[in-house]
Each structure stands twice: as C-alpha cells, then as structure tokens.
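*Asks:* Here's a structure for you.
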Amino acid sequence: MILGIDTSLGTAVAAITRDGEVLADEQSANPLGHAEVIGDLLRRVSSAAPAPTHVAVGMGPGPFTGLRVGIATARVFALGKGVPVVPVPSHDGIALGVLLADALTGTETGRFAVVTDARRREFAFSVYDGLDDDGLPVRLSDAALSPRDGLDARLDEAGARRYDATSVSAAMIALAAARALDAGRTLADGEPLYLRSPDVVAAHAPKRVS
C-alpha cells in the first residue's frame, strides 16, 4: 500500500494498493494554505489506509514554500511509520494520468508537454512521449522554466502538444512510485525541483555599533 502526497500546485493526498487500486483520494485545489489543510487530508486518507509500506511524494517543480510543506510532511510521516520515501517528479504524475486517460478512450496522445504555472510570468514544462515497458511516462526533457510568451515557440520546436495542468493527482504520484518500485527504478533524487532560488533571502548581518 502506497501513500501519495503532492503540494506542488494544490494539496493532494491519496493511498493506493501496489497494483493501482485507489483506496482514498483527498485534495484541496487552493494553491496556498498547504500547511493548513494537509494534516486534515492526511488524517482522512490514513483512516482508509492505516498501514502504508511506502510514502510517495511529488518533488515539483513548484513554489518553494508549497513543496517544502509536502516533502517535510511525507518525510515525517514515513519516519513515524518506519517506511521509505519514494520521490517522484510531479510532472511525471500528471503525465501518467494523461496517458492512462487517453489509453482508456483509445486516444493517440502523441508527444506532449506538461505545463504548470511557475509564477513570475513563467511556466514550468516537461516533455513526454508515451509509456515505456514499465508503464511509466517517457520523459524526453526534465522540467525547465520558460517565459510565458516564449513557451509555445519552444514546444513547437520540440513537436510537443501543450497540456496545461492546474492540479496534481496524489494517486498518480503513488502509482508512478509503485511502478518504479516494481521495476527497481529511481525517478528522482531527494532534492526538491525548485528550478529557481526562493524569493526570501537571509538578512545581512547587523552592522557593528561603535
């Protein structure tokens, strides 16, 4: 049983079995207030799935503060349960959902780019092309930033259709982790995908007063 957590856009928590059955799926679409809602979502999911074997967490890209809330929660919860954390790029979870939905309807997905709002008049994007033999999205390019006005030209050059996402499914994060575990693969390291430095910087040391 795998618990999934993602706070790269809204706040999402879900639990699935190793073969992909969704046991619980809770989310808040509010792009802010992660710390205020994640505890309640986690309690509701944990009541349906009290004994996870792994905790999968979306590593971004996403805002500095939002990602920290989800990643810290995942690590603390996993530590308390004595289970490992499985890092997953958040765009991989989105791409997996797109590809599975198209497969169910018989739609030819083709090459596409997952696009999320990175604020500061920028988008974050990752390019994908189908599923591999392990059932995981084939990522052609890692997450990168682009000015909003220049993104479409970059995607045209890559031959990728644009898919704008406003949420991340924690169930898809967990499913990507399950498939990676079955294949003995690592999808991401333990570092958050911030893509740029945080807005807040440390204050300068106080001046000496003589």
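All of the numbers you see were taken from the coordinates with simple rules; none came from a lab. The structure displayed is predicted, hence computed values, not measured ones. Reconstructed Cβ throughout: ideal geometry from the backbone, glycine too, with neighbour counts over all protein chains shown.
*Asks:* I'm spelling it out carefully: the read-out is mean projected area of the Cα convex hull in nm², the candidates are (i) 16.1; (ii) 14.5; (iii) 11.3, and one was derived from this structure. Which label?
*Replies:* Computing mean projected area of the Cα convex hull in nm² and matching it to (i) 16.1; (ii) 14.5; (iii) 11.3 gives (ii).
*Asks:* Separate question: Starting from the Cα of ARG119, step 7 Å along the direction of its Cβ; do the same at ASP19; then give the gap between the two resulting points in nm.
*Replies:* My value for the distance between the label points is 4.3 nm.
*Asks:* Quick one: if the Förster radius is 41 Å, what FRET efficiency do ARG196 and LEU104 give, using the C-beta to C-beta distance and rounding to 0.05?
*Replies:* 0.70
*Asks:* Springs between alpha-carbon pairs under 10 angstrom, Gaussian network model over the chain: which of ASP189, ASP133, ASP142 fluctuates most?
*Replies:* ASP133
*Asks:* Quick one: go through region 110-141 and flag any residue whose amide nitrogen is under 17 Å from the point 7 Å out along the Cα-to-Cβ line of ARG148.
*Replies:* 115-125
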